[in-house]
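Student: Input: one structure, supplied below.
The values are calculated or read from the model by the stated rules, or taken from the named source; none is laboratory data. Keep in mind the model is a prediction, meaning the values are calculated, not measured. Methodologically, a virtual Cβ is constructed for each residue, glycine included, from the backbone with ideal geometry; neighbour enumeration extends over all protein chains shown. Heavy atoms of the whole protein, side chains included, go into the accessibility calculation; ligands, DNA and RNA do not. Shrake-Rupley method; radii C 1.70, N 1.55, O 1.52, S 1.80 Å.
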Amino acid sequence: VSMLPAFLLPAATYALGWIWGWRVPLRLLAATGAAGFILGTATSIWGGNILAQLAGEFAYSWGFLFAVLFWGLLALALRKGGRWWVLAALLEALVALSHGYALLVAGFGAFLYLLLSRDVWRHLRIILQVHLLAFLLIGFWLIPLVENLPWTIPNDSTTAIGNWEILWPASLWPLALGWVPLVLLLARPSRLWPYGIAFLVGIVLLGLLGFVAAGRMGLADLRFFPYAQWALATASGAALGWALRRWLRVAALPLAIALVMAAAAWWEPRLGQIEGWSRWNLSGYEGKPMWPHYQAAAIANAGPLAGPRLVFEHDPANNDLGSTRTLEALPLFGSRPTLEGLYMESAITGPFIYQLQAEISERPSSPLSRYPSSARSIDDAVGHLNELYANRILLRSPEKKALFGADPRFRLVAEHGPLQTYELMDLRTQLVETLATPIVAVDRKDWLRQAFRRFLLDHPYHERQVYLTMGEGLPAPTATADPPRVEILTFSRERLVFKTDQPGQPHLIRMSYHPRWSSTGGEQVYLTDPSFMLIYPRGTTVELVYGWSWGNWLGAAFTLSGAILLVGGLVPRSPLNPPGEKLALLIRPRRFSAFLALCGLLVLLAWWTDPERVYQRGHLRFNQGDHAGAAALFDQAFSGRRSPASRSEALFWAARSLQLTGQPDAARVRYASLKADFIESYWYPESVYRLIEIDLQGGDRETAKQLYTKLIEVVPDNRWTREAAILVDERQ
């Protein structure tokens, strides 16, 4: 299941060429292009190739495979009419259930067939029928997905291209031979093109457009590029086969086979990384040298689902466990629940968990670009362990072992090889507890950023904020003087029952808030700091259930209606093509040229105005000494970037550039903006330091001292706080 799809991709590409009516040399060399694509080793997480599968992206590969087969079945539906479109819709549903990005590319790519059509309106109707039936069939998945998007963490960090081999890896170098005939082919009258070449060129442009523009839509750009890479490799192979058929017709097939063998000979000495990864991954956990220690650590940290949780240190050395993320699987081997899990974007508590990870890790991962974590003091770690109801930490690095081992609040409870488990002896929180701190109602708009800032700067909370939507209100708590007592009666992953002796009082539940959690007693479930649930019980027993929402019911209704259409034979036939119409439909030159020009222009425009590219150009100007030009580009990047972390970065460098150009007033405005709006940012300490520097240079010592006092309060252990102390002392 995990390894099959990539190996089937060349076969699916061959089948696609067969459906398109390509001759055998074209099919063979197109499949060779697909084989070169899956053997690429320049990237291991983008998706589609074997290394990506070994890194865990096998769902992406299934979606990729089904997308290629879907395009083939759709071509048959457009060619033959009848009910072929139903099979295409079923396959598109499989695309969607495999991977969301595959659905985006496959769905939009389907419209490229309109470039090859004599009867645009009839074919448009068929494509829309396919999409509609597929949408109905996947409604049970798609509608809840859309409904739940506000309760996930966007992963839209941009991807840097380090070198050109990422775009065209060594495994695809032999396919570059097809670039010349591909250009010659596209320069010929379109009626002479093999059917499907224009479609593949369109997929290249579609993938590139997604790659350069996805970040602006909150999507992961790297998920689109593999489709462009596969399409170009496949088109290059097909063009090479076309050239053999045109100029060496008799010897075309033997030469195509020879080229396949030559490509295989080229690949063979370059398979070492794939072989090494395969042996390492497929040998299993038990085959790793650290397996006994890993298993023992899991057992030593056993605990109930409702008990305190475990958080582990991120360390590159953990790769000897299987991978650096192997510790996420500890609960599968007997451990108590861990804070960190596989799909980091699926829970709104992710930013807070990764912040705690940074506080106990010498080399933290900080994978959420919108909420970058930062190292803080051990006191912060203790407070955040309590907040997240975690009393155990699993450490690997010598530095953190020494730090926590020397702190009297922790004791060593287990040691297995290089893994040491420490326990926080004074855990003061419970899974469910009555709140004693004041509660303040605030608007829910932009709540997660506000909550993350409070988690960093205002913890432990002197008051706990509850984030309300329009029309929501908090009930008045009942007065009580007795010590609170809460008892967990039942706890599973989708049900929580607890008993309290203080109904009417606010009760904090240290579990991620989600609107699908509801109380069987009718109490409102509120969202509170940091990302937990709050409830005012009406009685002594409270039952919370994670159930179906409107999205689940609506999605199920769509799927049921789609299934009825299929089973009941109610789907209409699509109109048949006119008698004698062949698959090799004429490509409208003007239509295709307009499409190429428009897509090419959009790709170039998106690439040139991409905030990340603008930011990189700003640094290039900065390094060349053109600070004024750099400041303008950094300001432009600040306006275009989405996440607070990246925006604060651009704002800092705009301010620094202006400061170096001798414009302290303009620089001060930007530093002050960063200080006010991005206090949780990595760039906050240096920005305040630069403000102190500007004020001291201007003779305003009083303001500089006030800024320094604030810096000590917010980041006492930071390097720039120490630098500011030296600067202020020197100017006394």
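Student: What are the pairs with Cβ atoms under 6 angstrom where one residue, in the range 24-49, is under 14 Å from R270 (Cα atoms) and the other, located anywhere, is in a helix (DSSP H, G or I) and among the charged types (D, E, K, R)? Sequence gap at least six, or different chains.
Tutor: A42/E165
Residue-wise test of (1) over 28 Å from F58 (Cβ atoms); (2) polar (S, T, N, Q); (3) out of contact with any Phe, Trp or Tyr (no Cβ under 6 Å at 6 or more places or on another chain).
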position	(1), (2), (3)
L248	yes, no, yes
A263	no, no, yes
W267	no, no, yes
Q273	no, yes, yes
W291	no, no, no
A302	yes, no, yes
A306	yes, no, no
N319	no, yes, yes
G322	no, no, no
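Student: Any idea which residue in the range 202-217 is most open to solvent (accessible area, probe 1.4 Å), counting only those that are of a type in the set (V, I, T) and at pLDDT 90 or above?
Tutor: It comes out as V204.
Student: Output the residue which, of all residues in the range 707-732 that are β-branched (V, I, T) and either modelled with pLDDT of 85 or more or outside any helix (DSSP H, G or I) (or both), is surrounded by the most Cβ atoms within 10 Å (Cβ to Cβ).
Tutor: Per the stated criteria, the residue is V715.
Student: Select from the range 355-389 the residues that are under 18 Å from A402 (Cα atoms) and hydroxyl-bearing (S, T, Y) and list them in ascending order.
Tutor: Correct list: S361, S377.
Student: Now a separate question. Do you know which of the residues in the range 626-648 that are assigned to a loop (DSSP other than H, G, I, E, B) and under 17 Å from M217 (Cβ atoms) is modelled with the highest pLDDT?
Tutor: R641
Student: If you scan the range 398-420, which residues turn out to be without any contact (Cβ under 8 Å) to a residue 24 or more places away in the chain and of a type in the set (D, E)?
Tutor: Passing the criteria: only E415.
Student: Another one. What is the number of the single condition among (1) modelled with pLDDT of 85 or more; (2) out of contact with any Cys (no Cβ under 8 Å at 6 or more places or on another chain) that I161 does not meet?
Tutor: (1)
Student: Looking at A402, A390 in this structure, which one is hydrophobic (A, V, I, L, M, F, W, C), open to solvent by 40 Å² or more (accessible area, probe 1.4 Å) and within 22 Å of E415 (Cα to Cα)?
Tutor: A402
Student: Here is a further query. In the range 485-525, which residues are within 25 Å of F352 (Cβ to Cβ), of a type in the set (S, T, N, Q) and open to solvent by 20 Å² or more (accessible area, probe 1.4 Å)?
Tutor: Result: S492, Q505, S512, S518, Q524.
Student: Considering only the range 312-334, state which residues are touching a His at 6+ places or on another chain (Cβ under 9 Å) and under 24 Å from I488 (Cβ atoms).
Tutor: none
Student: Does any residue of the range 141-148 turn out to be touching a strand residue (DSSP E or B) at 6+ places or on another chain (Cβ under 7 Å) and at pLDDT below 95? Spell out how you get there, then give the answer.
Tutor: Here is the first cut: in the range 141-148, the ones touching a strand residue (DSSP E or B) at 6+ places or on another chain (Cβ under 7 Å) are none.
Among the residues of the range 141-148, not one is touching a strand residue (DSSP E or B) at 6+ places or on another chain (Cβ under 7 Å) and at pLDDT below 95, which makes the answer no.
Student: Take the conditions within 14 Å of T234 (Cα to Cα) and of a type in the set (S, T, N, Q) and apply them to T41. Does it pass? Before the answer, list the steps.
Tutor: On the way: within 14 Å of T234 (Cα to Cα): no; of a type in the set (S, T, N, Q): yes.
Taking the combined requirement at face value, the residue does not satisfy it.
Student: Something else now. Can you name the residue in the range 438-452 that is open to solvent by 50 Å² or more (accessible area, probe 1.4 Å) and in a loop (DSSP other than H, G, I, E, B) and is also nearest to I679 (Cα to Cα) among such residues?
Tutor: D446
Student: Among the residues of the range 102-116, is any in contact (Cβ under 8 Å) with a residue 40 or more places away in the chain, open to solvent by less than 10 Å² (accessible area, probe 1.4 Å) and within 15 Å of L566 (Cα to Cα)?
Tutor: No, because not a single residue in the range 102-116 is in contact (Cβ under 8 Å) with a residue 40 or more places away in the chain, open to solvent by less than 10 Å² (accessible area, probe 1.4 Å) and within 15 Å of L566 (Cα to Cα).
Student: Can you tell me which residues in the range 314-361 are open to solvent by 30 Å² or more (accessible area, probe 1.4 Å) and in a helix (DSSP H, G or I)?
Tutor: Of everything in the range 314-361, those that are open to solvent by 30 Å² or more (accessible area, probe 1.4 Å) and in a helix (DSSP H, G or I) turn out to be P316, A317, N319, D320, P331, L332, F333.
Student: Examine the range 665-679 for a residue that is farther than 30 Å from E612 by Cα, modelled with pLDDT of 90 or more, open to solvent by 10 Å² or more (accessible area, probe 1.4 Å) and of a type outside the set (S, T, Y), and state whether such a residue exists.
Tutor: Looking only at the range 665-679, we keep the residues that are farther than 30 Å from E612 by Cα, and these are none.
Looking through the range 665-679, none of the residues is farther than 30 Å from E612 by Cα, modelled with pLDDT of 90 or more, open to solvent by 10 Å² or more (accessible area, probe 1.4 Å) and of a type outside the set (S, T, Y).
Student: A further question on this structure: Just wondering, is there one or more residues in the range 650-659 that are touching a Leu at 6+ places or on another chain (Cβ under 9 Å), assigned to a helix (DSSP H, G or I) and farther than 18 Å from S687 by Cα?
Tutor: no
Student: Restricting to the range 50-70, give me the number of residues that are more than 15 Å from S98 (Cβ to Cβ) and open to solvent by less than 10 Å² (accessible area, probe 1.4 Å).
Tutor: The qualifying residues number 2.
Student: In addition: Would you point out the residue of the range 274-299, among those that are in contact with a helix residue (DSSP H, G or I) (Cβ under 7 Å, 6 or more places away or on another chain) and touching a residue at least 60 places away in the same chain (Cβ under 8 Å), that is surrounded by the most Cβ atoms within 10 Å (Cβ to Cβ)? Can you show your working first?
Tutor: From the range 274-299, those in contact with a helix residue (DSSP H, G or I) (Cβ under 7 Å, 6 or more places away or on another chain) are 274, 277-278, 281, 285, 288-291, 294-295, 298; that's our starting set.
In the following step, the residues that additionally are touching a residue at least 60 places away in the same chain (Cβ under 8 Å) were identified as 274, 277-278, 281, 290, 294.
Details: I274: 19, W277: 17, S278: 16, N281: 17, M290: 20, Y294: 26.
In this case the residue turns out to be Y294.
Student: Moving to a separate point now. Can you pull out every residue in the range 207-251 that is among the basic types (K, R), within 24 Å of A264 (Cα to Cα) and in contact (Cβ under 8 Å) with a residue 24 or more places away in the chain? It would help to see each step written out before you state the result.
Tutor: Of the range 207-251, the ones among the basic types (K, R) are 216, 223, 245-246, 249.
Pick out the ones that are also within 24 Å of A264 (Cα to Cα) and you get 245, 249.
If the condition is that a residue be among the basic types (K, R), within 24 Å of A264 (Cα to Cα) and in contact (Cβ under 8 Å) with a residue 24 or more places away in the chain, then R245 is the only one that fits.
Student: Any residue at all in the range 453-464 that's in a loop (DSSP other than H, G, I, E, B) and over 32 Å from the mean Cα position of the chain (by Cα)?
Tutor: yes
Student: Another question about this same structure. Could you give me the residue pairs with C-beta distances under 9 Å whose first residue belongs to the range 525-550 and is touching a residue at least 60 places away in the same chain (Cβ under 8 Å) and among the charged types (D, E, K, R), whose second residue is part of a strand (DSSP E or B) and open to solvent by 10 Å² or more (accessible area, probe 1.4 Å) wherever it lies, and which are 6+ apart or on separate chains?
Tutor: Close Cβ pairs (under 9 Å, with a partner that is part of a strand (DSSP E or B) and open to solvent by 10 Å² or more (accessible area, probe 1.4 Å)) amount to D529/R464; D529/Q465.
Student: Quick check on my filter: what residues within the range 122-137 are touching a residue at least 60 places away in the same chain (Cβ under 8 Å), surrounded by fewer than 23 Cβ atoms within 10 Å (Cβ to Cβ) and within 20 Å of S98 (Cβ to Cβ)?
Tutor: Of everything in the range 122-137, those that are touching a residue at least 60 places away in the same chain (Cβ under 8 Å), surrounded by fewer than 23 Cβ atoms within 10 Å (Cβ to Cβ) and within 20 Å of S98 (Cβ to Cβ) turn out to be L133, F135.
Student: Also: Please count how many residues of the range 9-24 are assigned to a helix (DSSP H, G or I) and open to solvent by 10 Å² or more (accessible area, probe 1.4 Å).
Tutor: Taking the range 9-24 first, the residues assigned to a helix (DSSP H, G or I) are 9-19, 24.
The next check asks that each one be open to solvent by 10 Å² or more (accessible area, probe 1.4 Å); those that pass are 10-11, 14-15, 18-19, 24.
So the answer is 7.
Student: If you don't mind, there's one more thing I want to ask. What helices (runs of 4 or more DSSP H), lying completely within the range 93-194, carry at least 2 residues that are under 21 Å from the mean Cα position of the chain (by Cα), of a type outside the set (S, T, N, Q) and closer than 30 Å to I274 by Cβ?
Tutor: 100-110, 164-167
Student: Within the range 266-313, count every residue that is in contact with a strand residue (DSSP E or B) (Cβ under 6 Å, 6 or more places away or on another chain) and part of a helix (DSSP H, G or I).
Tutor: 4
Student: Quick one: what pairs do we get from the range 356-370, first residue more than 21 Å from T152 (Cα to Cα) and in contact (Cβ under 8 Å) with a residue 12 or more places away in the chain, second open to solvent by 40 Å² or more (accessible area, probe 1.4 Å) and assigned to a loop (DSSP other than H, G, I, E, B), C-beta under 8 Å, 6+ apart or different chains?
Tutor: E359/A375; E359/R376; P364/A375
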